[in-house]
Amino acid sequence: MTAIATTTSRSRLLLIDDDELIAGSLRQYLAQQGCEVDVAVEHSAATSLMSAQRYGVVVVDPYLTGGVHMQNHEMLEAITHLQPRASVIVITGYWSPELARMAAQARLALLTKPQSVIALSDLIFGALQGAH
C-alpha cells in the first residue's frame, strides 16, 4: 500500500506513516468518526497527495523508511511548503532534541509513540475544528 485517496470533505486529513498497521487502524477509526483520510506510507506518495489535495490536518511520522531515507526536516519542510494552512501533528517513536526543537520552532504538535488511537484522534479532531 503506497497511498489511499478518498473524496474531498471539510474534515480531510493526511496520515503519513510507514507502519501500515498503525496507519490502517487510525484511518479506519477516523473514517468511522466521519473523517476523510488519505494515507501515504512513503515520501513520494505523500508529496503526490499533498500536491493534489488540501488538508486540514497532516499527521506525520517524519522517519519514513520506504525507498530513500528522508531526513526528518525534509519531510516537515515538504509539508509546510505544500500544505501551509494545515495543522501538523508529528508522531514518532524516535524522539530527538533536534526534532523537538524543529517542532517547537514551527509550532507543530509533537507526540511520541505509542499513543492510543483515542488520544491521537482527540488531538486530530481538535486540530480539525481549529482549521474551520
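Using a 1.4 Å probe on the protein heavy atoms, what percent of the accessible area of the stretch 14-61 belongs to carbon and sulfur? That share works out to 44 percent.
Residues whose amide H lies under 5 Å from that of Leu111, counting only those 5 or more places away or on a different chain, are Val90, Ile91, Thr92; hydrogens are built 1.01 Å from N in the peptide plane.
Phi angles of the stretch 104-120 translate, via the Karplus equation with coefficients 6.51, -1.76, 1.60 and θ = phi - 60°, into HN-Hα couplings of 5, 5, 8, 6, 9, 6, 10, 10, 9, 7, x, 10, 6, 4, 5, 4, 5 Hz per residue; Gly and Pro are given as x.
Applying the Karplus relation 6.51 cos²θ - 1.76 cosθ + 1.60 with θ = phi - 60° to the stretch 94-103 yields 3J(HN,Hα) values of 10, 5, 8, x, 4, 5, 4, 5, 4, 5 Hz, where x marks Gly and Pro.
For Val58, the residues whose amide H sits under 5 Å from its own are Leu14, Ser87, Val88, Ile89, ignoring neighbours fewer than 5 places away on the same chain, with H placed 1.01 Å from N. Computed extension length for Leu111-Gln53: 18.4 nm, one decimal, from 0.36 nm per residue of separation with the Cα-Cα distance subtracted.
The values are calculated or read from the model by the stated rules, or taken from the named source; none is laboratory data. Quantities reported herein were computed from a predicted structural model and do not represent experimental measurements. Side chains are part of the model used for accessible areas, which takes the heavy atoms of the whole protein and leaves out ligands, DNA and RNA. Shrake-Rupley method; radii C 1.70, N 1.55, O 1.52, S 1.80 Å.
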